[in-house]
Amino acid sequence: MTTIALGSIFTECNHLGGAPTNLACFDRYELRRGNEVLAQEAGTVGGMLSVLRDRHATSAPLLVASACPGGPLTADCYRQLKSELLDRLKTAGPIDGVLLALHGSASADGVGDLEGDLLQAARAHVGPRMPIVATLDLHAHVTGAMVQAADALVAWETYPHKDAFTTGVRGANLLMDILAGKCKPTMALAKVPVLVGGVRGHTEGEGPFADVMRFAKSNEGKNGVLSTSVFLVHPYLDLPDMGGGGVVITDNDMPKAVALAEEIARRYWDRRFDLDSPVFTPAAAIRRGLELEGGPVLLVETADCCGGGAAGDSVATLRALLELAPQSDSLVPVVDPEAAALCHRAGVGREITLKLGHKLDPRWGESLSLTAQVVKLSDGLFRYTGGIWDGQTGHMGPSAVLKTGGIQVLVMSHATYDWADEQFRALGLDARTAKFVVVKNPMNHRLAYAGLYRETILLDTPGPTPAVMQNVPYRRLQRPYYPADRNIPGLQPRVWTSRR
């Protein structure tokens, strides 16, 4: 009987801002140990387990930990998660392979490349011959350390992310095929220094990233190509060698893996200008929205995206709405645990005056003085209806709705990942009746409000997850890179390889 060790440490980190990620962040989302892991049916781990069952393999469950993106993990948090996963690996008994569901853009205090560090530690324990396969988000910062420690890296194919389960299936099937002697993986990573936001990173329909993804996938399954992955790197890290490109895994054909990975990276570089989008000030966007008949008009404040590691506490767009459209029916989300607690103490129906926003990550703006009525209170629980945590419970913490004029503000205690509009709906807020809806995810609003919105307008506001990277003061990332350098004469993709 084949036995596979299976584990996960999954989150996305932000070096530009956001609140530190500690163990409580994982407790609020997903923290499963040992046999608790075997009950998982959804997500990447669920996909992996389904394959192991179908192919009559035994699962040796380790640790599964996932959390909403944020600042880097605290040193204590990563030390505890890593040591627990490795301790369980060491005591799992005889195993034949290792499956890890990772993100690829996690970081910890003192450890820039968390996934590379974890993969190397796992490799050191199991030795050079045992196969290790890891899955990654397509926003991964794939490093040489990851490539050299793993036999295969397999990434998600969709953005918005709808294929976590099937990616787990692909990763597990590849590992089982390696063990069955059906293939000998040779892997190449090729990257170019392109850093862009995710607004035009969709993988369906027309678009620059979609075109590159379709090219890569058109080669998969042909002429010994086992897997192709394209990476739109998470640009809110600040690490050396960041960039986007491709990973190609072939069946014992390294020259083909290198050539195809380089071609994917070149195509990605050629589309760099198309990956950026025009942005507008909140005032300009609101004025444009007021000229449009009907709604909702989505004001996309991507610089405060909790799904990219921001704190979610910006009130930049709310401030503009109060000045320019105070009576327009509008929905605005803000993370502010102090304000949420004040609302709960006051109770429904009370009018309160408070300072709102920019308390968790105050470097991006000042709190807003607001007088409003408390109209709803909640424990902040909701259920995800798709995506990475499909079917799982989300935890906003004590939450409230404040109303001033036509504007309703959803005040939450904890940052949560925005898949659709579950957070609004949990408090009875209906975007269909709104003129303006402030959304803080650069991509998932396409799903949440599909067929509903009148127009989307991308905003230029202060925050650690901006839509364009032109003015980001990177420290560890060295030039040249796009967009700081529009053209780089003589640029060739940088290549890393792994043959096990």
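Of note:
- Taking the criterion of being within 30 Å of residue 182 (Cβ to Cβ), part of a helix (DSSP H, G or I) and without any contact (Cβ under 8 Å) to a residue 24 or more places away in the chain, the residues of region 200-230 that qualify are 214, 218.
- Going through (1) in a loop (DSSP other than H, G, I, E, B); (2) surrounded by 18 or more Cβ atoms within 10 Å (Cβ to Cβ); (3) modelled with pLDDT under 95 one by one, residue 307 falls short only on (1).
- Residue 451 loosely packed, with under 15 Cβ neighbours inside 10 Å and either touching a Ser or Thr at 6+ places or on another chain (Cβ under 9 Å) or in the same structural domain as residue 361 (by TED's automatic domain parsing) (or both): yes
- Pairing each residue of region 323-352 that is more than 22 Å from residue 433 (Cα to Cα) with any residue that is buried (at least 24 other Cβ atoms within 10 Å of the Cβ) and among the hydroxyl-bearing types (Ser, Thr, Tyr), provided the two are 6+ apart or on different chains, yields C-beta distances under 6 Å for 340/399.
- The set of residues in region 454-469 that are hydroxyl-bearing (Ser, Thr, Tyr) and in a loop (DSSP other than H, G, I, E, B) comprises 461, 465.
- Qualifying residue in region 351-371 (condition: outside any strand (DSSP E or B), of a type in the set (Val, Ile, Thr) and farther than 27 Å from residue 294 by Cβ): no
- Pick from region 330-359, criterion acidic (Asp, Glu) and surrounded by fewer than 17 Cβ atoms within 10 Å (Cβ to Cβ), ranking: farthest from residue 16 (Cα to Cα): 351
- Of the residues screened, residue 66 is not one that is farther than 30 Å from residue 357 by Cβ and among the hydroxyl-bearing types (Ser, Thr, Tyr).
- Scan of region 421-453 for residues that are in a loop (DSSP other than H, G, I, E, B), over 14 Å from residue 296 (Cβ atoms) and of a type in the set (A, V, I, L, M, F, W, C), ordered by number: 427, 443
- Evaluating residue 293 against the criteria (1) in contact with a Pro (Cβ under 7 Å, 6 or more places away or on another chain); (2) part of a loop (DSSP other than H, G, I, E, B); (3) surrounded by fewer than 24 Cβ atoms within 10 Å (Cβ to Cβ) leaves one unmet condition, (1).
- Top-ranked residue of region 146-175 - restricted to ones that are of a type in the set (Ser, Thr, Tyr) and not in a loop (DSSP other than H, G, I, E, B), ranked as farthest from residue 247 (Cα to Cα): 166
- Look at (1) crowded, with 22+ Cβ neighbours inside 10 Å; (2) not assigned by TED's automatic domain parsing to the domain that holds residue 148 and you find that residue 248 fails only one, number (2).
The values are calculated or read from the model by the stated rules, or taken from the named source; none is laboratory data. As the structure is a prediction and not an experimental result, all values here were calculated from the model. We place every Cβ from the backbone using ideal geometry, glycine too, and count neighbours over all the protein chains shown.
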